[in-house]
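These notes concern the structure reproduced below.
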Ligand code: 5RP
């Protein structure tokens with residue numbers, strides 16, 4: 001049976017719920033797949049100690065459910081982080097940041113002992129880079145960084161009118177064929193004025209839960 005992308009996201013989100021445990025603090029990502037997860041968190045409202053959120057949008061949805069949203073600085077033991085992705089490869093390396101929340105997402109992924117990524121199967125690729133790679137930059141450095149990204153072989157496009165939750169801007173880098181995600185993540189992170197690049201390769205997902213027409217696939 002052919003499922004819509006939304007149904008596959010709901011399916012992946014439902015499968016991730018099996019990883020929740022009573023009393024835990026849950027790291028919560030951003031985007032439509034994560035919204036499908038939050039929509040299913042009602043029964044966990046009194047069972048979770050709280051959540052750490054990667055965006056103002058997810059925070060509002062969690063609070064509407066009555067789930068306490070905690071400051072990461074008060075959570076030294078974040079057990080689990082669940083988030084979506086824009087692209088994922090078989091090594092569970094990801095492109096993230098389509099929703100402009102990449103910096104807080106990367107911080108929470110770094111803090112969590114376990115990172116589960118939930119996607120529908122349209123997000124799976126052999127080589128990352130078809131989806132434009134988001135880079136969060138300090139506003140004054142935008143054009144400098146754009147020139148440096150061009151020198152790395154990309155075609156950066158300023159995501160105009162978008163200001164991140166951290167007050168910064170986003171460049172979306174088109175035309176990359178990312179054969180070595182870890183090396184490119186490291187190279188872009190070293191450019192002065194880059195806050196975060198949306199490559200999650202140094203810290204990939206530990207588990208990828210993929211919604212497909214034939215049910216759940218895990219990688
Ligand atoms: C937000 C993200 C999202 O995880 C990514 O954009 C996927 O979004 P969606 O679940 O809506 O497809 O990285 O910054």
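Nothing in this text is a laboratory measurement; each read-out follows from the coordinates by a stated rule. Predicted, not measured: the structure shown is a model, and the values here were computed from it. Because the Cβ atoms are built from the backbone with ideal geometry, glycine has one as well, and the counts that use them run over all protein chains shown.
A few remarks follow.
- The modelled label-to-label distance between residue 183 and residue 213, using points 7 Å beyond Cα along the C-beta direction, is 3.8 nm.
- Per-residue Cβ neighbour rank within 10 angstrom, fewest leading, 115, 200, 131: 131, 115, 200
- Among 34, 107, 119, residue whose mean-square fluctuation peaks in a GNM of the chain (springs only between Cα atoms under 10 Å): 107
- By the count of neighbouring beta-carbon atoms within 10 Å, fewest first, 55, 186 end up ordered 186, 55.
- Added length on full extension, which subtracts the Cα-Cα distance from 0.36 nm per residue, residue 138 to residue 71: 21.8 nm
- Legend: calculated FRET efficiency, residue 110 to residue 1, from the Cβ-Cβ distance at R0 = 41 Å, rounded to 0.05, equals 0.60.
- Rh (Kirkwood; distinct C-alpha pairs) - the chain, Å: 17.5 Å
- From the C-alpha gyration tensor of region 133-196, square roots of 5λ in Å: 18, 12, 11
- Semi-axes of the equivalent ellipsoid for region 1-123, Cα gyration tensor, largest first, Å: 21, 17, 13
- Span from the region 101-133 Cα centroid across to the region 141-219 one, whole angstrom: 10 Å
- Within a Gaussian network of the chain (alpha carbon springs, distance under 10 Å), most fluctuating of 111, 14, 202: 202
- Sites residue 206 and residue 60 - FRET efficiency at Förster radius 35 Å, r taken between beta-carbons, to 0.05: 0.80
- Of 79, 98, 167, the residue with the greatest mean-square motion in the GNM of the chain, using alpha carbon springs below 10 Å, is 167.
- Difference of contour (0.36 nm per residue) and Cα-Cα distance, residue 160 to residue 22: 45.5 nm
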